[in-house]
Structures are given as structure tokens and as C-alpha cells.
Amino acid sequence: RFYVIPKSYPFNVDRMNTWWTERSLISPALLYTKLCIGAGHKAALESRNGVTSVASQKSLRDCIKFRTNAIKALNGLLQNPVTAVAESTLLTVGSIVTIENINAEFAALQTHMKGLAMLIELAGGLDAFDTNPLLTPVVFVANVTSAVSGYAALQNKPPIIPMSAKFRSQVLHEPAIFHPRPDDDYEIGFVIPPYIATLGSRFAASSPWHTEVSTSLKVFLTIFTRLIQHFELGKAYPEIVGPTDNDLFPIFQHDFLSAIPANNPTSHEMNDYINPPLRYCIILYLWACVSNLQSLPIVRHMVETFKHILAPRVHCLLVAAPDLLLWMLVIGVLASKGNKNTHSWFVLHSAHVARRLGLSDRNQARHLLREFFYTDQPGELGEALWIEDVVTSSARISRGDGPGFDVQ
């Protein structure tokens, strides 16, 4: 749990850790589910860090055992008409869906997402539950992350469970992030640091490629800018964080994915070279730079999809929006850590674009990237090395030592 909870929640980690522990101790199904997630993460980390295969295989066997026990306990709950639609049961099903989501188990994920939706419908909808700010978001996190992986981000489909108006109304900072007004009293009592204030500024109308961004996406970029600025401020000044601020992220993802246009171009249709990769990059940013879940199968799968969307558009973007292209490539670099081939592709292309833009050192690169969405994240191994990779590769290209520019 000391790995799972910090990665799952941007804020209030200690409080959420305590809450999950207390619930797990009184619900065998939920306890086995949490043990399954922990053992699965342990196996992934052991494999990634070169621990002996014997140790990682034991963690994997533990993961399978705990999952089997969780499903047995859950099946017992589902046999009873009362416990089948209880909040604790939905919490457990949502957690199992989360496991399948982060492990990219798409077949099981699709089945259990439908089951979760059916249970919610039988219970009378999410609004039928007592509005507990610490419970309902968990169901939505499971739904949204599943939608990201299996439905929305990969198949261009919206979430299958509608947003709960009751839940949304209890998120304290929701109006300031999603529906700000000129007279909103959202005072924080200090000057916002420049490195936070400039986040998202390149998405303003002054950018030459701004007219190519769809109207809907422009609206969401404005909301996303406020959300990420609030996230970075909350990390720097924890005293401004509200008790429901974690819920801002699933609300944004649900809204964002629900707005996927019906005629959204596929990765093979090149009449729209900005909107499809930019839309996907926003989702990837949440997974890679807010939750830092690069080591999990779902993010590796999403990175491959992102490359598939971006690669055929690289040349168009290089001509029309090289600064935007660099930022998207860098997000790919950050998200693909641990995936050698894909990571190399993003580093190489980042180096080419950085050279095209005349960025010769890390400070110049950071200054540009911070005008999109990028901040240093101390404590993440390798976080500071990607610019070194890019700058080194760019220098080799300048000398003629590096490979040529290839979108494949």
C-alpha cells in the first residue's frame, strides 16, 4: 500500500492510506484486492530493478493467489441481493477493475466494467448512495481510468457511467477550476511562483497554431491549465489543498473523455494533425506526470498508442507547430521510461526537434516546456536525465554522428 496509495492520489496521501487500511481490515474481499495490487506492483518493481527471477515470480504467485481469494469473497457478496449493491461491494468491484486496468487486461476489464455499471444501475445510480466524498470518487476513478485505457483513449469512446451531479457538487474547488467567474473569491494569500504561473501559457491565442486547435479542446486546455496550476501549487503549498481536491482529476478526465467528438479522426486520417495527438497527450500527462505510473503495463500500452497517433503527424507538426511537437515528444519520453525501444524513438525525435528550435542546453528546453506543462519532479529516478539524453542526442545529430530523422 505504501506504493499504491501515493501513486493513486495527488493529495492527502496519509489520510487516504489510513482510510484504505481501515476499510480493508473489515472487508476480506477488499483486503485481498489491495494485497493483490501490492503484490503485483512489487513483482513489477522487482522485475524492473533486476531482482532475481525467483523473488519476482513469488510476488507474482502471491498476486494471483490474492486475486483468486478476492474474487471468491466477492462472489459470496454478490449472491446476497442486499450485499450485492452495498457500497463496500461496489468499492471492491471498482478496485478489481482498477487492477485489470493498470495491468492492461482488456478482456476482463470490459466484462467487469459492464458488471460495475449494472450494479450501480441496480442500486439506483450513484446519486442514490449517501454522498461520501471518500467513497464515491473511488468508483469514478475505476470508471475513468478504465475509460481511459479500454474505451475512451484507445477506442475513442466516452465513459459508460455518467457523472454523479451529487458527487460533483461536493467537490469544494470544482467551481474555481471548471466554472470560474470574474468575481470568484479564490484567494491563496501569496504570489504564484513564475514557474507555475507560466504553465499552459503557450496554449494562448498568440501561438501561430492556436487556430488549428478545436473549440472544444481549447476550452478543456483552459480548464486543464487551472487544474495543473492548482496541482503544482498544492505540492508547493499543502495548506491550500482541500479535502476533496483529489476528486478534481477524475471529474476532469470524465468530462474530457465524454467530449470526444463523434467524427474524431483516426490516427490514419491526416486532415487533423494537432487535435488527436494533443488530446491523447493530455491524458498521458495525467498518468505520467501527475500519477507517475510509467512502470505499469497500462501506461506502456498507452505510450505505444500515443506513438501510433503521433508518428505519422511528426512532419506536419515539425513545420506548423515545432514547439508543441517538442512538448508532446517529451511527455512521450517521460511516459516511456522502462520501454527501451519506444523511449529511444521519443528521445531521438525530441533531439531533432530541439535542434530545429535552436535549444542547445537544458535551461532553454525547460523554459519552453514550462510554457506548456512541465515541472521538475524531484524524487523520481531519472526525471532529470531525459534532457541530458535529448541534448546529447541533439549534439550528435549536429556533428552528423546520429541517425537520420525517421517517423517510423
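The values are calculated or read from the model by the stated rules, or taken from the named source; none is laboratory data. Keep in mind that this is a model prediction, so the values were computed, not measured. Here Cβ is always computed from backbone atoms with ideal geometry, including for glycine, and neighbour counts include all displayed protein chains.
Annotations for the structure displayed:
- Region 270-305 - residue that is assigned to a loop (DSSP other than H, G, I, E, B) and among the small types (Gly, Ala, Ser) and, of those, nearest to VAL213 (Cα to Cα): SER291
- Of the criteria (1) at pLDDT below 85; (2) within 29 Å of SER207 (Cα to Cα); (3) within 20 Å of the chain's Cα centre (by Cα), which one PRO277 fails: (1)
- For VAL51, the criteria (1) in a helix (DSSP H, G or I); (2) of a type outside the set (Asp, Glu); (3) without any contact (Cβ under 8 Å) to a residue 24 or more places away in the chain hold in every case but one, which is (1).
- Residue that is farthest from ILE102 (Cα to Cα), among those in region 44-66 that are under 25 Å from the mean Cα position of the chain (by Cα) and either surrounded by fewer than 21 Cβ atoms within 10 Å (Cβ to Cβ) or outside the structural domain of VAL97 (by TED's automatic domain parsing) (or both): ASN49
- Residue, farthest from PRO28 (Cα to Cα), within region 110-129, restricted to residues that are in contact with a helix residue (DSSP H, G or I) (Cβ under 8 Å, 6 or more places away or on another chain) and at pLDDT below 80: ASP127
- Residues in region 144-200 that are modelled with pLDDT of 70 or more and among the polar types (S, T, N, Q) were compared, and the one that is surrounded by the most Cβ atoms within 10 Å (Cβ to Cβ) is SER164.
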